[in-house]
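Step one of this worksheet: look at the structure below.
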């Protein structure tokens, strides 16, 4: 049994463990493992904190995105309303312009009718004067005729114009 190599390996292992215990290798190893465990816990806590911060940032960006979309929708609806208001205003101005142009055209037509009526009356008066002068000149002779003719022509012109 003392000559078996396994026995001497076991004895050397026990002696090594006793020496490690005396020197304090186990305490150092345990302290190193405790430090490593603490560092891992701190890293896990940091990772959890970073995950929570990332979740907050994501929620903040989602809220900002929703706000931006609402603002964009508001801007679009305001632009549509403004466009409709401008179109209605332009339509009202166009209708007013057309009404004014129609009124102006009607006024010009009425003025042209009045002018045409005055021209017709003047032509009729001139024709009446010519006819009267022709008739009177053929039927009345002498100085009296000339006086009556001039007086009649003047009276007709004053009455018809």
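Results, tabulated for the structure shown:
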| quantity | calculated |
| --- | --- |
| Criterion: part of a helix (DSSP H, G or I) and touching a residue at least 12 places away in the same chain (Cβ under 8 Å) - qualifying residue of 116, 124 | 124 |
| Test: residue 65 is touching a helix residue (DSSP H, G or I) at 6+ places or on another chain (Cβ under 7 Å) and surrounded by 10 or more Cβ atoms within 10 Å (Cβ to Cβ) | no |
| Unmet criterion (only one of (1) surrounded by 10 or more Cβ atoms within 10 Å (Cβ to Cβ); (2) modelled with pLDDT under 95) for residue 39 | (2) |
| From 11, 57, 19, residue being within 36 Å of the chain's Cα centre (by Cα), without any contact (Cβ under 8 Å) to a residue 12 or more places away in the chain and surrounded by 10 or more Cβ atoms within 10 Å (Cβ to Cβ) | 57 |
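Residues are listed down the side, and each one gets a yes or a no for (1) within 39 Å of the chain's Cα centre (by Cα); (2) over 30 Å from residue 157 (Cβ atoms):
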site	(1), (2)
23	no, yes
49	no, yes
52	no, yes
78	yes, yes
102	yes, yes
111	no, no
114	no, no
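The values are calculated or read from the model by the stated rules, or taken from the named source; none is laboratory data. Quick caveat, the model's predicted, so the values are computed rather than measured. Please note: Cβ atoms are built from the backbone with ideal geometry, for glycine as well, and neighbour counts cover all protein chains shown.
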